[in-house]
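Derivation of every value follows stated rules applied to the coordinates shown; laboratory data play no part. These figures come from a predicted structure and were not determined experimentally. Cβ: placed from backbone, ideal geometry, glycine included. Neighbour counts: every protein chain shown.
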Amino acid sequence: MTPEILFFFNDRPGALPLYERLEAQLLAEIPDVQIKVQKTQITFRVRRGFAAVSFLPVRKGRPADYITVTFGLDHPAASPRIDGLVEPYPGRWTHHVLVASPEEIDSELMAWLREAAAFSAGKR
């Protein structure tokens, strides 16, 4: 855990365990992941950014401790877990998923993130 990541969660320490679990899963399942901490999000990259963690308020009635996981695919994922979905340009769909418990970092979310990494790596 870097000082930059700890600082990112300084005002929301209850969300840090969610991030730690997601980061561990990403590093275990996707080769060569790089992590970039920015002011409003933490970006995961393999050549290009494919996912991010933020505190984007994508749902009303959010719990006190949560993270928003954002990822891009070449199609809209159909699931009630998707809290936000936009097509910022043709052929790229940005998805937002609110994660409030470690159990939500599951095979479905990880499958989307692996697909997002492959989609991002294939772009020119």
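Which of 86, 37, 97 ends up with the largest GNM mean-square fluctuation for the chain, with Cα atoms connected below 10 Å?
86
Full extension from residue 110 to residue 28: what is 0.36 nm times the residue separation minus their Cα-Cα distance, to one decimal in nm?
Full-extension gain reported as 28.4 nm.
Given Cβ point charges of +1 (Lys, Arg) and -1 (Asp, Glu) and nothing else, what value in debye, to the nearest 20, does the dipole of the chain about its Cα centre take? Walk me through the numbers on the way to the answer.
Details: 15 positive and 15 negative charges, 107 e Å.
That gives the chain a dipole magnitude of about 520 debye.
Taking neighbour Cβ counts within 10 Å as the exposure measure, how do 19, 89 sort from fewest upward?
89, 19
Set Lys and Arg Cβ to +1 and Asp and Glu Cβ to -1, take the dipole of region 62-118 about its Cα centre, and tell me which of 75, 111, 98 lies farthest positive.
Most positive-ward Cα: 75.
What FRET efficiency would be calculated for the residue pair residue 74, residue 103, taking the C-beta separation as r and a Förster radius of 35 Å, to the nearest 0.05?
Working from the Cβ atoms, E equals 0.80.
Which parts of region 96-124 would a label at residue 86 reach, counting a residue when its backbone N lies under 16 Å from a point 7 Å out along Cα-to-Cβ?
Backbone N within reach: 96-98.
Ranking 120, 101 by Cβ neighbours within 10 Å, fewest first, what do you get?
With the sparsest Cβ surroundings first, the list reads 101, 120.
What's the extension gain from residue 47 to residue 12 if we count 0.36 nm per residue and subtract their Cα-Cα distance?
Separation in residues times 0.36 nm, less the Cα-Cα distance, equals 9.7 nm.
What is the chain by shape, rounded, prolate or oblate, if you read a ≥ b ≥ c off the alpha carbon gyration tensor as root eigenvalues and call it rounded for a/c under 1.5, prolate for a/b larger than b/c, and oblate otherwise?
oblate
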